[in-house]
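Report on the following structure.
Each value in this text was obtained by applying a stated rule to the coordinates, not by laboratory testing. Since this is a predicted model, take the numbers as computed values, not measurements. Every residue, glycine among them, receives a Cβ derived from its backbone with ideal geometry; neighbour counts consider all protein chains shown.
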Amino acid sequence: MKPVATAPSLPRSVDQIRAEFPILAREIAGRPIAYLDNGATAQKPEAVLEAMDRFNREHNSNVHRGVHTLSEEATRLYEDARRTVAGHLGAEAREVVFTRNVTGAINLVASAWGDANVGPGDRIVITEMEHHSNVVPWYLLAQRAGAELDWVPITDEGRLDMAAFEAALQRGPKLVAVAHISNVLGTINPVAEISRMAHDAGALVLVDGAQSAPKLPLDMAELGADFYGFTGHKLYGPTGIGALWARRELLEAMPPYEGGGSMIHKVSKDEISWASPPARFEAGTPPIAEAVGLAAAVEWVDGIGLDAIHAHETDLTAYALARLTEVPGLRVFGPPAGDDRTGIVSFEIEGVHAHDVSEILDRHAVAVRAGHHCAQVLMERLGVAATTRASFAVYNTEAEVDRLVEGLLDARKVFEL
Amino acid sequence: MDELYREQILEHYKRPHNFGPLEDYDLEFEDSNPFCGDEQHIRIKLDSDGRVAEVRFEGSGCAISTAATSLLSEELAGKTREELVRLDKAFVLDLLGIDISATRMKCALLGLKVVKGASLGKPADWEDEGEQGDPTELQRSGI
């Protein structure tokens, strides 16, 4: 058994943190909202709202090439934002490409890297627990290139079947694409181990960090992957921005993705040469205020500490898993409480469809998500059409989990169970 | 009494009418709600006049979609394919007799969507809003 490390605690109380989120004061049906839909999008603290507002009021201008004060300020803020994100990832700024979200990041890799490196008969390994954003771009690439997808199954407990993964690696794939944390099961996949195994087999690794960026301390060198994508709005930042981190030599070797302004070195009628990364992959005017907002979100998160956020959410998850056993007929999906499970709890209640559960929880001002969570292959594996999902953030409390349980008991009552 | 989950709705959800397989059928259609993954598969047997003789549906869905299709299935006997295609949103909402929010509208109308698909033999141009759709669709489908 591993020694129990002392969990880092939050630098200020959850109540103080909550007070930084204006929307958490919203009331629904006469009660303060218990927002447990953070896996879909997290709320934004004042620090993010203010940073974006200040940019728009005081510094708004287009970036790059403008030789006037506002443009210089906007350019500096945009490139500072890149440095902030890079620092957060333990990476270099030139390895960070701003994208519109993680979907944009994965599509960029599937097109720019994929089209140049994947051909007929090549294999790409993905897993049964992937979000559609880490399935469909590879499916499209496989169709274009005549390549094959290999699916790594999950165990009944909701972990990756590592023996099957090893077997898939023996077929010599070009790339392994895997979620860091499952958006349905809350499973934390052993990405460092996966990367080592994949590299030994000659494959690159792309990590979908949509759920892990807001939940785990990150260091790209430690992670050992080749590509990591995340999205800003799940990290307490704005929508419309995310980032792709990729190892420098990979980015440098990749052809452009979209064509447009800013991504060129020189354009003539006969010949176009490309800008160096990351500019090569940022055609057109980027989401500037959003980059500023994302940087503010990253700084806000780092001010609290992702290790402390992770400990808080993991405790809350364990509390939720324990309390949910009080609801008759409720079945939770994913691993039991432990080191490899955090922040996300999906379940079904026998006799009440996920949509109806969500509708009744809304009457209790408890916001959850119901449906297939863009993971239909996983739904099929779990043998359900839909689940209800509660997903936590740093501002959630045990009292909110209690309200979730109260709402679930009411759902059973409404359905006369 | 619950406004949305009225006794009749719960009754049709828990014990849907005309639910199950149908071995001998003339029309069938399956569709899903892309937002939640709910699926319904309907099979219809026509009589010698081309009118609905028997209806059965299968699938998994929420209380609203299951109850709506269960209620709808009881109203189809004797209708022609053309009459099925012409059924509209209001018809289903009247049967349900409850207020349906915008987010649940797709649940309420999934059954109507598969009924229309079955009678056309293909997905109806008519989308999820339950409008009558393009009137030439009937001719183009040879109904």
> What number of residues within the range A:208-248 are of a type in the set (Phe, Trp, Tyr) and either farther than 21 Å from residue A:194 by Cα or assigned to a loop (DSSP other than H, G, I, E, B) (or both)?
Replying inline: 1
> From the set of residues in the range A:137-194 that are within 24 Å of residue A:111 (Cβ to Cβ) and among the basic types (Lys, Arg), which is farthest from the chain's Cα centre (by Cα)?
Replying inline: A:171
> Counting just the residues of the range A:41-80 that are of a type in the set (Ser, Thr, Tyr) and part of a helix (DSSP H, G or I), which one comes out nearest to residue A:302 (Cα to Cα)?
Replying inline: A:78
>> Return the residues of the range A:231-269 that are touching a strand residue (DSSP E or B) at 6+ places or on another chain (Cβ under 9 Å), of a type in the set (Lys, Arg) and without any contact (Cβ under 8 Å) to a residue 40 or more places away in the chain; say none if nothing qualifies.
In response: A:266
>> Can you tell me how many residues within the range B:26-45 are touching a residue at least 24 places away in the same chain (Cβ under 8 Å) and under 17 Å from residue B:121 (Cβ atoms)?
In response: 10
> Among the residues of the range A:375-390, is any away from chain B (no Cβ under 12 Å), part of a helix (DSSP H, G or I), among the hydrophobic types (A, V, I, L, M, F, W, C) and out of contact with any Leu (no Cβ under 8 Å at 6 or more places or on another chain)?
Replying inline: no
> Which of the residues belonging to the range A:358-374 are within 9 Å of chain B (Cβ to nearest Cβ) and either in a strand (DSSP E or B) or among the β-branched types (Val, Ile, Thr) (or both)?
Replying inline: A:360, A:370, A:371
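Residues that are in a helix (DSSP H, G or I), within 14 Å of chain B (Cβ to nearest Cβ), under 25 Å from the mean Cα position of the chain (by Cα) and crowded, with 19+ Cβ neighbours inside 10 Å: does the range A:325-346 have at least one?
no
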